[in-house]
């Protein structure tokens, strides 16, 4: 079985997130989502806490399992999930090569890293600040 790992904050779910999750799932058999911890997002003014965000993702059909990320570093989370593929969202600043090297060191095997292109211009931050007319 091929495990795909995706990660993010997912505070306000929107079509861009669904696109990211669906494209990630197409790359394997099991999709495991790592939900960024509240402690790593203290400056972002989150609407939902980490458990609520995890529960929302677990309710989606495309997601096989959503778990909370490490309070420490992503290395231990990658080691725990042991993915074959890691996906990175179009708006995430991570270097594909750096993620690949870290993941292979954590798992002891080859890990493919794929950047998922955006569907459209969706941003949780923009949605939060948009005024309803």
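Laboratory data are not the source of any read-out in this text; all were calculated from the coordinates shown. What you are looking at is a predicted structure, and each value in this text was computed from that prediction instead of being measured. Backbone-built Cβ (ideal geometry, glycine too); neighbour counts: all protein chains shown.
Helix 15-25 and the longest principal axis of the Cα set of the chain meet at an angle near 10°. Fraction of C-alpha pairs exceeding 26 angstrom in the chain: 18 percent, rounded to a whole number.
Summarising the label geometry, the points placed 7 Å from Cα in the beta-carbon direction at residue 65 and residue 90 lie 3.0 nm from one another.
Highest average first, the peptides 105-113, 17-25, 74-82 ordered by how many other beta carbon atoms sit within 10 Å of their residues are 17-25, 74-82, 105-113. Placing a label point 7 Å from the Cα of residue 115 along the Cα-to-Cβ direction, the residues of the range 11-45 whose backbone N falls under 20 Å of that point are 16-27.
Placing a label point 7 Å from the Cα of residue 100 along the Cα-to-Cβ direction, none of the residues of the range 20-62 has a backbone N under 15 Å of that point.
Compared with the dominant Cα axis of the chain, that is its longest principal axis, helix 96-107 is turned about 60°. Contact order, relative form, for the range 3-129: 31 percent (alpha carbon pairs under 8 Å, 6 or more residues apart, mean separation divided by residue count). Computed per residue of the chain from DSSP H runs no shorter than four, each worth -39500 (n - 2.57), the mean residue ellipticity at 222 nm is -10000 deg cm²/dmol. For the pair residue 2 and residue 75, label points projected 7 Å from Cα toward Cβ lie 2.9 nm apart.
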